[in-house]
Amino acid sequence: MERGFEYVIVGGGVAAGYAALEFTKRGVSHAQLCIISEEPVAPYERPTLSKKFLHPESPARLPSFHTCVGANEELLTPTWYEEHGIELVLGTRVESVDVGQKTLLTASGETIRYETLIIATGAKALKLEEFGVKGSEAENVCYLRDLADADRLVNVMQSCTGGNAVVIGGGYIAMECAASLVTNKLNVTMVFPEAHCMPRLFTPKIASYYEDYYQSKGVKFIRGTILSSFEFDSNGKVTAVNLRDGSQIPADMVVVGIGIRPNTSLFEGQLTMEKGGIKVNGKLQTSNDSVYAVGDVAVFPVDLCGRIRRLEHVDSARKTAKHVAAVIMEPEKTGEFKYLPLFYSKAFSFSWRFYGDNAGEVVHFGDYLGTKFGAYWINNGHLVGSFLEGGTEDEFEAIANATQLKPAVDDLAEVGRQGLNFAMTG
Ligand code: FAD
Ligand code: NAD
């Protein structure tokens, strides 16, 4: 079987959903756009999986969190795609792509031709086996990347109420899942190799605030070591986690969040790769004129940082996706992608945002014994990054605006004294 479309998006996650909405806003015709996704459901807001999806009371379930509700836009249900003449090919893996021939082959044996291809394949969770540990297939070991993982995690979690959960990793998945596991009445131990949680972003002072709170909720932290193996019962279920420091922790379930790898393999040897992703220019165009890349797989120039970056965050997936639709539909009117990186997280009653680049020296501000505090990153005499916990919408907007402007800073201590006012009055 063979058919063709003007525009094809490979991958049906966050970026695909936001691109679809923007394509329709810019007048895409019926039967011009096709989205092919390995997942069996229409694009949804992936961040919900580690937050409201795991709540013990009134958890979020589809269709309530399809894209693009996360950015207060329309809810794109399967019916929406049908009504807009967008072909949604679900539960179908793209097996190969030939960018020279402008064709792709799906697992169902179909060849699809395109004029323009958008790569939105996201990323996959790194497995413990990559670090020499066996056991990922055990029924009580959970990863969290897609809806099937989240369904499984909920089932395992509910079967372990009152038991012990070991969380491997100290990053986003680990912090958000640990909070949910506690709320679901499990005893949680987090294990990670670094000296503190969220080492890619948090300073020791910021990390210590959250770690103290998690500890007050009963979470135990085992820092500076990694797991070396699991103990299994006769059914192959994990019963304990052995650590490299020789200790052993009993486990009724394990959640693993040890990072991701972008899904680039379809394009290895065909497109220019860098920093583990697909390199694109300011128009999000790859080394092949007919192929664009967005979301977690794309490595794009970020002016504010003065370098190319691959970002693994939903705001960048949404905005690169919207921009690519504009570039393709209205090339004359659309400039280069200008982006201020935004990372955020929510767990327990916390809510923080970070804007910009966490490079250079750090000045902390605010009340680290209370509920509102933050930090500024100053690099080469300019503000380049801002973090705020517990801000109002106006305050978050103020730190975003201040960071975007990159004001000169010569007195770090003064900026620390001014704290949030530095951004609010800047
Ligand atoms: P994805 O949303 O991962 O979508 C990729 C899609 O492509 C998937 O549906 C996949 O099945 C499909 N696919 C891959 N290969 C193929 C193939 N060969 N054929 C067909 N289909 C294929 N970021 C934040 O900023 N804040 C948060 O709070 C936050 N929470 C998160 C919580 C969780 C549990 C996870 C996993 C991520 C979270 N993120 C968060 C990150 C954010 O979700 C990602 O940055 C975003 O989803 C990336 O969008 P994407 O479209 O590039 O990739
Ligand atoms: P991450 O990169 O945030 O954290 C990975 C962590 O794994 C590291 O901090 C380290 O502590 C740990 N680690 C690495 N190797 C290890 C090993 N051998 N043993 C034990 N620990 C090890 O990745 P993640 O938490 O897995 O998140 C996956 C993806 O989902 C990321 O792209 C992340 O941005 C995204 N995500 C984002 C959010 C958010 O932005 N709020 C929330 C959830 C997930």
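Within the range 210-223, the set of residues being open to solvent by less than 30 Å² (accessible area, probe 1.4 Å) and either under 22 Å from residue 252 (Cβ atoms) or part of a strand (DSSP E or B) (or both) comprises 214, 219, 221.
Taking residue 284, is it closer than 24 Å to residue 145 by Cβ, without any contact (Cβ under 8 Å) to a residue 60 or more places away in the chain and surrounded by 15 or more Cβ atoms within 10 Å (Cβ to Cβ)? Judged against the criteria, residue 284 is a match.
Taking (1) over 30 Å from residue 100 (Cα atoms); (2) within 16 Å of ligand 1 (Cβ to nearest atom); (3) surrounded by 14 or more Cβ atoms within 10 Å (Cβ to Cβ) in turn, residue 266 satisfies each apart from (1). Here residue 79 meets the list (1) in a loop (DSSP other than H, G, I, E, B); (2) more than 16 Å from ligand 2 (Cβ to nearest atom); (3) open to solvent by 10 Å² or more (accessible area, probe 1.4 Å) almost entirely, failing just condition (1). Can you tell me which residues in the range 330-350 are open to solvent by 40 Å² or more (accessible area, probe 1.4 Å), closer than 20 Å to residue 202 by Cβ, in contact (Cβ under 8 Å) with a residue 40 or more places away in the chain and not aromatic (Phe, Trp, Tyr)? Scanning the range 330-350 gives a single hit, 346.
Within the range 333-379, the set of residues being small (Gly, Ala, Ser), on the phi > 0 side of the Ramachandran plot and within 16 Å of ligand 1 (Cβ to nearest atom) comprises just one member, 356. Scanning the range 45-66 for residues that are in contact (Cβ under 8 Å) with a residue 60 or more places away in the chain and open to solvent by less than 20 Å² (accessible area, probe 1.4 Å) returns 45, 49, 50, 53, 54. Could you list, in sequence order, all residues of the range 179-204 that are more than 10 Å from ligand 2 (Cβ to nearest atom) and β-branched (Val, Ile, Thr)? Passing the criteria: 182, 183, 188, 189, 203. For the range 36-75, the tally of residues that are within 8 Å of ligand 1 (Cβ to nearest atom), under 17 Å from residue 143 (Cα atoms) and of a type in the set (A, V, I, L, M) stands at 1.
Where strands (runs of 3 or more DSSP E) fall entirely within the range 97-209, those with at least 1 residues that are free of Cβ contacts under 8 Å to residues at least 40 places away in the same chain and crowded, with 18+ Cβ neighbours inside 10 Å are at 187-192. Among residues of the range 287-319 being among the hydroxyl-bearing types (Ser, Thr, Tyr) and over 16 Å from residue 16 (Cβ atoms), the one that is most open to solvent (accessible area, probe 1.4 Å) is 287.
Residue-level check: of (1) surrounded by fewer than 20 Cβ atoms within 10 Å (Cβ to Cβ); (2) without any contact (Cβ under 8 Å) to a residue 60 or more places away in the chain; (3) closer than 27 Å to residue 347 by Cβ, residue 279 misses just (3).
The values are calculated or read from the model by the stated rules, or taken from the named source; none is laboratory data. Remember, it's a predicted structure, so these values are computed and weren't measured experimentally. Cβ: placed from backbone, ideal geometry, glycine included. Neighbour counts: every protein chain shown. Ligands, DNA and RNA are excluded from the accessible area calculation, which covers all protein heavy atoms including side chains. Shrake-Rupley method; radii C 1.70, N 1.55, O 1.52, S 1.80 Å.
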